[in-house]
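Some notes on the structure that comes next.
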Amino acid sequence: MMELRKTLAGRIALTAVATVILLFLALPIVVILVTSFSNNAFAAFPPEAWTLNWYKALFADGSKWPAALTLSAFVACLSTLFSLIIGVTAATALVRSELPLRSAVFALVLGPLVIPQIVTALGLFLLFEPAAMLGSPIAIALGHTVLASPIAVLILIATLRGIDERLEDAAASMGAGRLTIARRITFPLAAPGMIAAAIFSFITSFDEFYISQFLSSVDTVTLPVRVYNSLTFEIDPSVTAVSALLT
């Protein structure tokens, strides 16, 4: 009976501690959500009065937020497409073929996850600046692909390793070519992993700041860069509404 009470008390204590930690982690999000409805131009918390003006300002005539949101979404879609192409190709080569120096290639593919993002951003700036591609959505998307593609590769490697190779061997023994095997067997079975890779690639690109900051121009500003500029160079309470919507 005593052991049962101790176990029950331990579970209650663990639940209480976990709840406090989760509430502490969620508190900044709650503050942002509440502040976005404040009528104070300096984003005061708690709000003295409630308003929807900052949400209306996001889509008012002359607002720069819709253009930044559209650009970020477009760049993220391109980066997701590029990352899936690289991810499927690299994962297939690393899992399904006898690739020479496989460990070295795997380390090279995952390199961007280890290198500090600001170093990667500087390298991309030095690469695209002589080509006069700064400010190009294609250049920004390619830059984001450098960070998003390793994530896609990791997810797709795990997905391909979970697919029974005997299914592909059976199809090959019945005369199916590689493209047919990929189209009829491998890709359908790997669809959940490809969807997960696409989601994480999109999020990585949409939220990327350093590369966007180095590669953007006055006319092409992504949403994270616009948020940074609003917090640094001007007082725009609309940024709280943007943060609330992104959350």
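The values are calculated or read from the model by the stated rules, or taken from the named source; none is laboratory data. Note that the structure is a prediction, hence the values are computed from the model and not measured. Neighbour counts run over all protein chains shown; Cβ positions are idealised from the backbone, glycine included.
On the stretch given as the stretch 201-247, residues that are out of contact with any Leu (no Cβ under 9 Å at 6 or more places or on another chain), surrounded by fewer than 16 Cβ atoms within 10 Å (Cβ to Cβ) and within 17 Å of LEU69 (Cα to Cα) total 4. Those helices (runs of 4 or more DSSP H) of the stretch 163-247 in which at least 2 residues are modelled with pLDDT under 90, farther than 24 Å from SER83 by Cα and among the polar types (S, T, N, Q), considering only elements entirely within it, cover 223-233, 238-246. Residues that are surrounded by 15 or more Cβ atoms within 10 Å (Cβ to Cβ), under 30 Å from MET133 (Cα atoms) and touching a Pro at 6+ places or on another chain (Cβ under 7 Å) do not occur anywhere in the stretch 177-200.
Inspect the stretch 68-84 for any residue being over 30 Å from ILE155 (Cβ atoms) and surrounded by 11 or more Cβ atoms within 10 Å (Cβ to Cβ) and give the result as yes or no. No, the conditions are met nowhere in the stretch 68-84.
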